[in-house]
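Engineer: Just passing along the structure, written as structure tokens.
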Amino acid sequence: MTWTVLPVPCPKCGEAQNTTPGDFDPNDVPFGPVSCMVCGYEFMQGEYLQGLKTRRREFGLE
């Protein structure tokens with residue numbers, strides 16, 4: 001599946017500026033790493049996927 005990876009708001013600081021590995025797939029196990037560029041928070045897979053789902057709806061991609 002092709003993913004449109006959108007920035008997901010950080011649950012700690014609210015900024016949507018994420019760092020991801022170059023070949024990132026949000027469903028891969030092990031996950032990530034995905035972190036917030038602003039505060040350094042490291043996302044867990046479930047919270048990142050939920051945030052991504054919300055963002056995809058906001059952008060009309062789901």
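The values are calculated or read from the model by the stated rules, or taken from the named source; none is laboratory data. All figures in this text were calculated on a predicted structure; none of them were measured in a lab. Neighbour counts are summed over all protein chains in view; Cβ atoms, including those assigned to glycine, are modelled from backbone coordinates with ideal geometry.
Engineer: For region 16-34, how many residues meet the condition of being part of a loop (DSSP other than H, G, I, E, B), surrounded by 15 or more Cβ atoms within 10 Å (Cβ to Cβ) and of a type outside the set (Gly, Ala, Ser)?
Structural biologist: Number satisfying all stated conditions: 5.
Engineer: A further question on this structure: Could you check region 26-48 and list, in sequence order, the residues that are at pLDDT 95 or above and either in contact with a Cys (Cβ under 7 Å, 6 or more places away or on another chain) or under 14 Å from THR4 (Cβ atoms) (or both)?
Structural biologist: Once the filter is applied, which keeps residues that are at pLDDT 95 or above and either in contact with a Cys (Cβ under 7 Å, 6 or more places away or on another chain) or under 14 Å from THR4 (Cβ atoms) (or both), region 26-48 yields CYS36, VAL38, CYS39, TYR41.
Engineer: Within region 35-46, can one find any residue that is polar (S, T, N, Q) and assigned to a helix (DSSP H, G or I)?
Structural biologist: So far as region 35-46 goes, yes, one or more of its residues are polar (S, T, N, Q) and assigned to a helix (DSSP H, G or I).
Engineer: Pairs, please: C-beta under 8 Å, at least 6 apart or cross-chain, first residue surrounded by fewer than 14 Cβ atoms within 10 Å (Cβ to Cβ) and in region 1-12, second modelled with pLDDT under 95?
Structural biologist: Final answer for the pair search is TRP3/ASP25; TRP3/PRO26; THR4/ARG56; THR4/PHE59; THR4/LEU61.
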